Amino acid sequence: MDVHMKMEANHTACLNGASVEEYNYSEADFILPGITWQERKEYGESEGFLSQLDSVLRCKWVEKMKQGLFRYPLWNLETRILPGTIKYVAQLNIKRGMERRKPQDIQSIREKFNASQFNFNKINPKEILFLMTKSSGENAVVKDRKYQGSLFNKVTPATLECKSGNVLQKSPKVESTSRSTLVVINVSPLEFGHVLFIPDPSLCLTQILTCDLMLFGLESVLLSAHPGFRVGFNSLGGFASVNHLHLHGFYLDHELLIESSSSKPLSTEHNLYLLTQFPAPGFMFYTDGKDLEAVAQNICQITDYFVEKNIAHNIFLTRGSDPAGVTPSDSRGGLRIVIWPRKSCFGAKEEAAFNVALCELAGHLPMKNLEDFNNITEESVIRIIKNYLFSDDDFNEISSEVLSHLTKSSLTEQE
């Protein structure tokens, strides 16, 4: 099947002079169940297992790399699997630590959008891979239309007008209308295929998760056939470097313990679990792909609560096994979504070895220097990570509050 089939007739959308291809998808394109890591290994260097989205995204990402649009070249990173029970995946990425854009000076999880600082209205149009749009029917056809965003308005920061600037934006319900999301390269990649998923940049939404974007994140993982395609979110105070709403997506071609680690049920009604047998305890949703809108809304119920309580957080989405144990532990039949409440970092000195954000909490360690890469141990990783997490007593209190909040929200919706 032609991997460009969904790029209907080389359809383009006009972003004020920037020509962008539109990738159309529907639920018929979701890949369930996902392949196991053993099946992935059997393919070796062959990419025959990849989906249409994988092939298009990876191909265009490589084109951008060859064009020199990234801050540094990144192909195969030197990788160590740390000895121990967690099997941390450490990768040497010195250039990212040296050459990535300096994170913005954030002082609050509720920080207002600041048009004078870097935001995605200011990126180079060449950094865009394509625009992803979901249609409701099978074999959906892309309609001829122009993108209605204002990504590249020729305005100065002082005159930039945003369509929305609500600091405490919430999305209690997923919009049923067609949604479009920009797929843009991260010019300081942490792994192969590292992209950003950005809703209409002209909305100037702050880095507070919305249900629509969360739903898109779930869908993007299901559109990939690669078990190592991950998606994540860093809140302000959780090492988000840009206060403009976005998700991260990237390929890590290594299995992580978090995909199969044990947990205990917290709310069977919400399919919510506590990730307990892991150095970074967190809240975990599991879905077989049949209830994505409900899962997205439940996730945002928790993150909205964290924002109200000024609790920084990180989110990690990955293929994984059913925590209820109804499928083999090596299966990747559904999605695991882990949410970590964590201590806020505002203007704090960065760790020398690695920062503690969505990747590190999940078991993936992009390392900043060769000495730490060669010498770091599982014990020292856990010690660093624990410095950014709440104590057991505080986490247990947050767990009780989260469960109470979800229960009250469910009752309110039923009334």
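What follows is calculated from the coordinates using simple rules that are stated; it is not laboratory data. In this text the structure is predicted, and so the values were computed from the model without any measurement. Backbone-built Cβ (ideal geometry, glycine too); neighbour counts: all protein chains shown.
What is the spin-label model distance, in nm, from Asn375 to Asn387 if the labels are put 7 Å beyond Cα along the C-beta direction?
So the label points at Asn375 and Asn387 sit 1.5 nm apart.
Place the peptides 369-378, 301-310 in order of packing, highest mean first, counting for every residue the other Cβ atoms within 10 Å and averaging per peptide.
On the way: 369-378: 14.4, 301-310: 19.0.
Result, highest mean first: 301-310, 369-378.
Say each of Leu69 and Asp288 gets a label point 7 Å from the Cα, pointing the same way as Cα to Cβ; how far apart are those two points in nm?
4.0
What's the extension gain from Asn76 to Lys343 if we count 0.36 nm per residue and subtract their Cα-Cα distance?
92.9 nm is the gain from fully extending Asn76 to Lys343.
So, R0 is 22 Å and r is the distance between the beta-carbons of Asp394 and Gln277; what FRET efficiency does that work out to, to 0.05?
Details: r = 20 Å, r/R0 = 0.89.
The computed FRET efficiency comes out at 0.65.
If we count every other residue with Cβ under 14 angstrom of Leu274's Cβ, Lys/Arg +1 and Asp/Glu -1, where does the sum land? Let's see the in-between values first.
On the way: positive: Lys264, Arg336; negative: Asp392, Glu397, Glu401.
Net local charge, Leu274 excluded: -1.
Full extension from Thr85 to Leu257: what is 0.36 nm times the residue separation minus their Cα-Cα distance, to one decimal in nm?
Values: separation 172, 0.36 × 172 = 61.92 nm, distance 0.88 nm.
The span from Thr85 to Leu257 would gain 61.0 nm if fully extended.
Where Lys and Arg each count +1 and Asp and Glu each count -1, what net charge lies around Gly334 among other residues with Cβ under 12 Å from its Cβ? If you can, show how the numbers build up before the last one.
Numbers: positive: Lys290, Arg319, Arg332, Arg336; negative: Glu259, Asp288, Asp291, Asp322.
Within the 12 Å Cβ shell, the charges total 0.
At 0.36 nm per residue, minus the direct Cα-Cα distance, what do Val62 and Ser46 gain on full extension? Give it in nm, one decimal, please. Don't skip to the answer; put the middle values down first.
Values: separation 16, 0.36 × 16 = 5.76 nm, distance 1.66 nm.
Working it through step by step, the gained length comes to 4.1 nm.
Could you tell me how far the Cα centroid of region 31-58 sits from the Cα centroid of region 213-258, in Å?
That distance is 18 Å.
Cα-Cα over 24 Å: which of Lys343/Lys408; Lys264/Lys290; Lys41/Lys126; Lys41/Lys64; Lys41/Lys95; Lys66/Lys122? Intermediate results must be reported in sequence, preceding the final value.
Numbers: Lys343/Lys408 26 Å; Lys264/Lys290 22 Å; Lys41/Lys126 34 Å; Lys41/Lys64 27 Å; Lys41/Lys95 29 Å; Lys66/Lys122 22 Å.
Exceeds cut-off: Lys343/Lys408; Lys41/Lys126; Lys41/Lys64; Lys41/Lys95.
Kindly rank 253-259, 236-242 from highest to lowest mean number of other beta carbons found within 10 Å of each residue.
Values: 253-259: 19.7, 236-242: 22.9.
Going by the mean number of other Cβ atoms within 10 Å, highest first, we get 236-242, 253-259.
What does the charge add up to near Leu370, with Lys and Arg as +1, Asp and Glu as -1, over the other residues with Cβ less than 13 Å from its Cβ?
Values: positive: Arg80, Lys95, Lys368; negative: Glu78, Glu371, Asp372.
Overall, the nearby charge balance is 0.
Positive end of the dipole of region 190-323, charges at C-beta (+1 Lys, Arg; -1 Asp, Glu), about the Cα centre: which of Gly193, Phe239, Ser261 has its Cα farthest in that direction?
Among Gly193, Phe239, Ser261, the one farthest towards the positive end of the dipole of region 190-323 is Phe239.
Once phi is turned into ³J(HN,Hα) by the Karplus curve 6.51 cos²θ - 1.76 cosθ + 1.60 with θ = phi - 60°, what whole-Hz value does each residue of region 356-362 show in order, with x for glycine and proline?
Calculated HN-Hα couplings, in order: 9, 9, 4, 5, 5, 5, 8 Hz.
Once the Cβ-Cβ distance between Ser410 and Ser108 is put in as r, and R0 is 30 Å, what FRET efficiency do you end up with, to the nearest 0.05? Each step should come with its number before you reach the end.
Working: r = 29 Å, r/R0 = 0.98.
That pair, Ser410 with Ser108, gives E of 0.55.
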